[in-house]
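Engineer: Sharing a structure below in structure tokens format, with a few things to ask.
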Amino acid sequence: MLTLFRPRRTAGKRMAPWLLAAALPAGAATLNELPVLKSRAGELDVLIVARAEKLTTLGDLKPTGWIYDICPRPADGSDTCPAKPPGTNLFGGTRLQLQPGDTLKMRLVNKLPPVLDSEHAGEPGHHYLGANPTNLHTHGLIVSPRFPTKARPTYGDNIFVMTFNPDNGLPGDDDVVHGDIRLGFTEYEIKIPKSHPAGLFWLHSHVHGLTLNQLSSGMSGVITIGDPADYLCRNDACSDFLRTLPVRHLLLKDTQVLKSERIVTEQYPVFCKTEATRNEPSRQGSCAGIHGRPTGGGRWYFSINGQAFPHIPVHQGNGEIWRLTTASATVTYDLGLRDDATGQDMLVQVLSVDGVAVEPDAEATDSELRSMTGAKVQAVPCPAGVPGKLAHKPLCASRIRMMPSSRVELWVAHRDANGHLAPAGTNASATLYTADVKTGPAGDTWPSVDLAQVSFRGTASAGAPQTLSVTGDANAELRDPRRLGAELRASNAMYRPEADCSPLAPGHMRRIFMGFTPGGSVGFGLGYEELDENGVPVPGTFQDIAPFDAERPTVCVPLGAGNAPTIERWEIVNIAEEDHNFHVHQTKFSLLSRDVVGGRVVLHRGGVLHDNVPIPHADGDCESVDDWRAGKCVVKPMLLEIPFTVAGDFAYHCHIGEHSEEGMMARIRVRANK
């Protein structure tokens, strides 16, 4: 491990004046779309080979990363994909295009080398991690996490299985393995429900103790279901306009590379300085390792589709739809699109968050929009001039905060200072960038970097709408997912009821604690207790903050009568002095805001659904839940409403790689009803 240095806190996010109006570098490569494999006749059957690959598209340093080589399953049963054409950028990722009702079949083959710098491989019981086992998680999909049966010998979206490369060795007798062991390959078969929302999802590894390493090395890809037209401008005057908008997929990855060309798979937030200086005026796609430290001479690359600081040409005045996925293991992005002429952030319309179209109430205020998005979006008023009366208020933003695993879909077009569509002329440009981010007094500081140069051309069509109407029905369906539950009834029935898996009493909810484990440990963990209808802890339910134990489910949720969905409320309390990113598998959730009306607390749902949400840090020093109860810190709890539709065993955790690997994860069990 390299020596860790804690940076000084920086103030503000204003860019240095010499960084404005950055010129497009000579020979800057145009952003390439991700290669795509599409389902046919209701099925997509692919071979996914996890292997090492020399990375040649990032910059001067040429490290060896780990990638997914994905191809249609060879008819001859081969475990090797055909050779790709020269220049193919597998590090950038592959997109799997599906439709609701499809079946996704994946054969995962592990051809990875051993891992050399896993912090956890040296811990007792975890030496097997040095063999670099892997698996697959279809992040954001509402599908079964089933185990194989004799009749169906494949896995669903199940993270409790590991595929080993036999050449790297196998677990020993003293190893504590978190799940099934497969040698060489694992077969997955995932049925997408017909009522599944159209949207943006992603694929990544999820072996506890190695997720950070494998994500940092490049192991991720994109999954899309349906098309933006499934939820935009349906039965609306803007449908013809929508057809003029190209769709781009942008997969954000960041990679720390030492001077020796070795990738740092357990990343350091202090690899480079937080902000650019006059000695380092160019932060186009990367920042330089700090001179005089082990990172000196290295670079931290921030790539889009495997390209560092590409050129994104928006060729026509109507703009484009951008679908962005953050595949970073640890970094929080604070995204803006800076007008190079003025230095001001341009307005964009937010169409979808975490794979579900956004549909705020038509009367929602900007404050309510910020609340329902979990502060992921810096909401600003949308421009006036939308034709007709909209059923939902459009959501516009000047900045997007994306913690690891977040997805967002945007309408990007050239706009003036008031947010209106404006002629671009022949030389209008902007810079897509991430500003520096501080995640709390004890948290990390992530650097500011320019990610891409964007050029605009042309004038919007006559009568073009200033915002697009979002009219999909997935948002409402997922709040009360009875149709989805009916489709999953057969797969849910394989999980028998359990006598000690009891429903919450009416008015009760669950409270999840996020923080450090007590007793002076530096490890992360999760805690639990049940609250009664008055918000008072139920005696005997408290579990102190503890690290992940794969063998012990923390929560058991029974489905409703007839295996109908169960809807619960969870309060997430972060007692640490750094932000966390709460994620739960196999579902989406809404955020509930508390408004006091007539002395009563009234809960309001938003029009945005999530599968991950930032949990703000505590103010004050709490080393334990007891400290919080004693008032030693002030927390900002998040209240979630979660519909459980899928039976099985899965996980909830912080989706910051370092935090989940250190123990901030728990196993949840959902079981069929009697």
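Engineer: So what does log10 I(q)/I(0) come out to for segment 627-674 at q = 0.27, 0.33 Å⁻¹, using the Debye formula with one equal point on every Cα and no solvent?
Structural biologist: After summing over all Cα pairs, the log10 values are -1.03, -1.09.
Engineer: Lys/Arg Cβ at +1, Asp/Glu Cβ at -1, dipole of segment 147-293 taken about the Cα centre: which of G156, C287, V176 is farthest positive-ward?
Structural biologist: C287
Engineer: A further question follows. At a 10 angstrom cut-off on C-beta neighbours, averaged per residue, how do the peptides 181-188, 157-164 rank from highest to lowest?
Structural biologist: Packing proxy ranking, top to bottom: 157-164, 181-188.
Engineer: Along the charge dipole of the chain, Cβ charges K/R +1 and D/E -1, which of Y528, N135, H508 sits furthest on the positive end?
Structural biologist: N135
Engineer: For each pair in K376/K632; K62/K253; K393/K588, compute the distance between the two Cα atoms and list the pairs where it is over 19 Å.
Structural biologist: Numbers: K376/K632 28 Å; K62/K253 16 Å; K393/K588 21 Å.
Among K376/K632; K62/K253; K393/K588, the Cα-Cα distance tops 19 Å for K376/K632; K393/K588.
Engineer: Give me D for segment 107-239 in µm² s⁻¹, whole number, from Stokes-Einstein with Rh from the Kirkwood sum over alpha-carbon pairs, 10 °C and 1.306 mPa s. Working shown, then result.
Structural biologist: Working: Rh = 16.5 Å.
Reported coefficient: 96 µm²/s.
Engineer: For segment 263-382, just list the percent of Cα-Cα distances falling in each 5 Å bin from zero outward, please.
Structural biologist: 2, 7, 14, 18, 17, 15, 13, 8, 4, 1, 0, 0
Engineer: Quick check on packing: order 300-308, 317-325, 619-627 by the mean number of other C-beta atoms within 10 Å, highest mean leading.
Structural biologist: 300-308, 317-325, 619-627
Engineer: For the chain, what does the equivalent ellipsoid look like in terms of its semi-axes, each the square root of 5 times an eigenvalue of the Cα gyration tensor, given largest first in whole Å?
Structural biologist: Those come to 34, 31, 27 Å.
Engineer: I need the Kirkwood Rh of segment 515-571: take the reciprocal of the average 1/r across all distinct C-alpha pairs and report it in angstrom.
Structural biologist: 13.6 Å
Engineer: Need one number: nm distance between label points at L116 and S282, each 7 Å from Cα along Cα→Cβ, rounded to one decimal.
Structural biologist: Modelled inter-label distance: 2.9 nm.
Engineer: Let me ask something additional. Taking a Cβ-Cβ separation under 4.7 Å as the criterion for a possible partner, which cysteines of the chain have none?
Structural biologist: Among the cysteines of the chain, those whose Cβ sits 4.7 Å or more from every other are C654.
Engineer: Return the FRET efficiency for the residue pair T88, E43: r is the Cβ-Cβ distance, R0 is 30 Å, and the value is rounded to the nearest 0.05.
Structural biologist: After rounding, the FRET efficiency stands at 0.75.
Engineer: Out of every Cα pair in segment 415-570, what percent are spaced more than 24 Å from each other?
Structural biologist: Values: 7963 of 12090 pairs.
Every Cα pair in segment 415-570 considered, those over 24 Å come to 66 percent.
Engineer: Looking only at Cα atoms, what is the convex hull volume of segment 77-141 per residue, in Å³?
Structural biologist: 179 Å³
Engineer: Using 0.36 nm times the number of residues separating E498 and R482, minus their current alpha carbon distance, what extension gain do you get? Intermediate results must be reported in sequence, preceding the final value.
Structural biologist: Working: separation 16, 0.36 × 16 = 5.76 nm, distance 2.24 nm.
So the extension gain works out to 3.5 nm.
Engineer: Just order 50-63, 283-296 by mean Cβ neighbour count inside 10 Å, highest at the front, would you? It would help to have the intermediate numbers written out before the result.
Structural biologist: Working: 50-63: 17.5, 283-296: 19.9.
With the highest mean Cβ count within 10 Å placed first, the list reads 283-296, 50-63.
Engineer: Using r as the Cβ-Cβ distance of D361 and D174, and R0 as 41 Å, what FRET efficiency do you calculate, to the nearest 0.05?
Structural biologist: 0.15
Engineer: To continue, here is another question. Viscosity 1.002 mPa s, temperature 20 °C: Stokes-Einstein D of segment 315-473 from its Kirkwood Cα radius, in µm² per second? Display every interim value, and only then the final one.
Structural biologist: Working: Rh = 16.3 Å.
Calculated translational D: 131 µm²/s.
Engineer: Size of the dipole of segment 158-197 about the Cα centre, Lys and Arg at +1 and Asp and Glu at -1 on the beta carbon, nothing else charged, in debye to 20?
Structural biologist: Values: 3 positive and 7 negative charges, 91 e Å.
Computed about the Cα centre, the dipole is about 440 debye.
Engineer: Compute the Rg to Rh ratio over segment 27-131 from the alpha carbon atoms, using the Kirkwood formula for Rh, and round to two decimal places.
Structural biologist: Working: Rg = 16.8 Å, Rh = 16.2 Å.
Rounded to two decimals, Rg over Rh is 1.04.
Engineer: Estimate the FRET efficiency between D626 and T30 by the formula 1/(1 + (r/R0)^6), using the beta-carbon distance for r and 56 Å for R0, to the nearest 0.05.
Structural biologist: On the way: r = 57 Å, r/R0 = 1.02.
With a Förster radius of 56 Å, E is 0.50.
Every read-out reported here was derived from the displayed coordinates using simple, explicitly stated rules and does not represent laboratory data. Remember, it's a predicted structure, so these values are computed and weren't measured experimentally. Note that we place each Cβ from the backbone using ideal geometry, even for glycine, and neighbour counts take in every protein chain shown.
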